[in-house]
Amino acid sequence: MQALELKVPPPAVAVLIAAGMWLIADLPPMVVLPQFLRTLTALPLAVAGVAMTIAGALSFRRARTTINPMQPQAAAALVRSGVYRLSRNPMYLGLLLVLLAWTAFLSTLWAALGPLVYVLYINRFQIAPEERVLSAKFGASYAEYKASVRQWL
C-alpha cells in the first residue's frame, strides 16, 4: 500500500469523500432534522474548519516553507508557531471539520462514515509518511515537537 503514500493531495481526498457522502446520503436510516438545525450545526464547524486550514497555510507561508503536502522533503523549516502549537496537522484538521459539517448538513448516519474514512486514510497515507520524512530531516527538534503537540487536537 506504499504506492498511495503522499500521492493524493489531502484536499482532493476530502472532496472525493464528500462526494461519496453525498451519494450515500439518501440511504436509510435517515436522521430527519429541520434544515435550520442542520445549518446551525454545520455552519460553525465549516467556518472553524476553513479558518483552521487557512491559519495553517498562512503559518507555512510566514515560515517560507512548502505548503505542498506531496513533498514534505522540501520543507525548509519546522513550523511550531500559530495553530501548529495546538495541532501538528491543522490543515488536515480543518478539512476534517469541514467534513463533519457536511455530515451534519446531510443529516444521515451513513455520511458519518466519511470523516472516519478521511482520518484513517490521512493518518496512513499522508501523516505517517510525512512524519517519517520530517523526523529524518529535523531529528531531535521534530521528536520534541511530536512529544509536546498532539497530532490532531
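Brief remarks follow.
- Number of the exception - Val32 against (1) open to solvent by 40 Å² or more (accessible area, probe 1.4 Å); (2) of a type in the set (Val, Ile, Thr); (3) part of a helix (DSSP H, G or I): (3)
- Only one entry in Ala140, Ala42 is of a type outside the set (Phe, Trp, Tyr), out of contact with any Gly (no Cβ under 6 Å at 6 or more places or on another chain), on the phi < 0 side of the Ramachandran plot and without any contact (Cβ under 8 Å) to a residue 40 or more places away in the chain, namely Ala140.
- Any chance Arg80 is surrounded by fewer than 20 Cβ atoms within 10 Å (Cβ to Cβ), among the charged types (D, E, K, R) and out of contact with any Gly (no Cβ under 8 Å at 6 or more places or on another chain): yes
- Number of the condition not met by Leu6 [criteria: (1) of a type outside the set (Ser, Thr, Tyr); (2) on the phi < 0 side of the Ramachandran plot; (3) at pLDDT 95 or above; (4) more than 13 Å from the chain's Cα centre (by Cα)]: (2)
- Note on segment 90-115: residues that are farther than 12 Å from Trp22 by Cβ and in contact with an Asp or Glu (Cβ under 8 Å, 6 or more places away or on another chain) amount to 0.
The values are calculated or read from the model by the stated rules, or taken from the named source; none is laboratory data. The model shown is predicted, which means the values in this text are computed figures rather than measured ones. When we count neighbours, we look across all protein chains shown, and the Cβ atoms used for this are built from the backbone with ideal geometry, even at glycine. Calculation scope for accessible area: heavy atoms of the full protein, side chains included, ligands and nucleic acids excluded. Shrake-Rupley method; radii C 1.70, N 1.55, O 1.52, S 1.80 Å.
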